[in-house]
Amino acid sequence: MWAGVDEVGRGPLIGSVVAAAVVLPQRHHIGGLRDSKKLSQSRRELIANVIEREALAFSLAEASAREVDQLNIHQASLLAMRRAVEGLPFEPWGLLVDGRHVPETTIRLGIAMVKGDDRVDAIKAASILAKVHRDRQMVALHDQYPEYGFAQHKGYPTPSHLAALKQFGLLAEHRRSYGPCRNLSGD
C-alpha cells in the first residue's frame, strides 16, 4: 500500500502548516476526489468524512508557526509531512508526495510528484483532509479573534487581514518570519 502525502498552509501569515498522509484501499468508492483547492468548503467537508470512514489509514500532523519561523516554511512543511507519515498505524510500502520533495522517513521508497494532487487519489485525499483540518483551526481562531476575519481569509495575506494586522497587531500565532508580520514586529 502506498500513502499519499500533502500539506496545506504554506502561504498564510498565521497558524501551523498541516500535513496529511492517507492510505486508500486499492479499489475504493470515494467519489469527488480532487485537489482540495478545486472543491468548495462544503464539498471538502463531505468528502473528508467519507475519506475518514473509507481509508485504510490516515494521519494528520502539523508544524507550528514557531517552527515555521525557526526552520523556514519549506523545512516546516517537510517536518509536518514526516510527522503525518510517522503517525500512520502501519508503515506503507512507499510514499507518493505532492510537490518536488519527499520528507525524510524510515520508508525507503518515496516519489515526489508535481501536481500529484491532480493525479493520485491518495494525494487528493491527503490534500482534502489537511485543508479541512487547517480551515477548522482558522474558524476556531476566528471564534477567539473575530476582528481579524480568519473564517473568511483563512490567514492568507488578503487586504482585510493586512488591515486587521495594522489595526489590532500580531497574535501569538502569527508567523513572525513572514514579511507583513516581520514589518509589524520590528524584527
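Some observations on this one:
- Residue list for the stretch 148-187, restricted to those being at positive phi, touching a Lys or Arg at 6+ places or on another chain (Cβ under 9 Å) and modelled with pLDDT under 95: none
- Pick from the stretch 35-85, criterion among the hydroxyl-bearing types (Ser, Thr, Tyr) and part of a helix (DSSP H, G or I), ranking: surrounded by the most Cβ atoms within 10 Å (Cβ to Cβ): Ser36
- Sole residue being touching a Ser or Thr at 6+ places or on another chain (Cβ under 8 Å) and of a type in the set (Gly, Ala, Ser), chosen from Ala122, Ala112, Ala130: Ala130
- Where Leu171 falls short, out of the listed (1) touching a helix residue (DSSP H, G or I) at 6+ places or on another chain (Cβ under 8 Å); (2) within 22 Å of Arg43 (Cα to Cα); (3) outside any helix (DSSP H, G or I): (2)
- Qualifying residue in the stretch 103-115 (condition: modelled with pLDDT of 95 or more, surrounded by fewer than 22 Cβ atoms within 10 Å (Cβ to Cβ) and of a type in the set (Val, Ile, Thr)): yes
- Considering the stretch 16-73, and only residues there that are in contact with a helix residue (DSSP H, G or I) (Cβ under 8 Å, 6 or more places away or on another chain) and among the basic types (Lys, Arg), the residue that is farthest from Phe150 (Cα to Cα) turns out to be Arg34.
- Among the candidates Ala130, Ala151, residue that is touching a His at 6+ places or on another chain (Cβ under 6 Å) and part of a helix (DSSP H, G or I): Ala151
The values are calculated or read from the model by the stated rules, or taken from the named source; none is laboratory data. On a predicted model such as this, the values are computed, not experimentally measured, just so you know. Cβ coordinates were reconstructed from backbone atoms using ideal geometry, including for glycine residues, and neighbour counts include every protein chain displayed.
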